[in-house]
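Just so you know, all these numbers are worked out from the coordinates, no wet-lab data involved. Computed from a prediction, not measured in an experiment: that's the story for all the values here. Cβ atoms come from the backbone with ideal geometry, glycine included; neighbour counts cover every protein chain shown.
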Amino acid sequence: MRTTRMREKNARYLVLLCSFALLLVIGGCDGNPFSGPRLTQANYDKITVGMSKAQVEHILGKPTTVETKDMIIFSKATYRYEDGKKFAMITFKNDEVDGKDTNLGR
């Protein structure tokens with residue numbers, strides 16, 4: 001009887017440990033692994049001129065690369081998102097969307 005209790009206790013610890021490990025893996029991902037890719041034509045179409053960087057990142061996630069340039073009159077940043085051969089570039093002027101380009105529809 002005592003060994004049965006120990007096995008049950010060990011099984012509970014194992015389930016708890018596996019659950020914790022799964023949470024760490026999911027938490028370490030940039031996006032929700034169950035939601036699918038974020039670089040889609042539908043998400044790209046949601047990006048409009050005047051949006052903030054935070055709004056764009058909420059839709060597309062963190063960019064693959066970021067290029068910034070500080071000019072005398074304004075600052076410019078370009079977010080590039082890549083997924084294989086697909087890409088989207090979002091250009092910001094003073095932290096607001098100023099333009100965008102993609103090959104998603106091609």
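Computed quantities for the displayed model
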read-out	value
FRET efficiency estimate (nearest 0.05) - Cβ-Cβ, residue 72 to residue 46, R0 22 angstrom	0.10
Proximal aspartates and glutamates to residue 100, defined as alpha-carbon separation beneath 20 angstrom and excluding residues fewer than eight positions away on the same chain	45, 57, 67, 70, 82, 83
For region 37-106, alpha-carbon Rg relative to the globular expectation (2.2 N^0.38 Å, N residues)	1.05
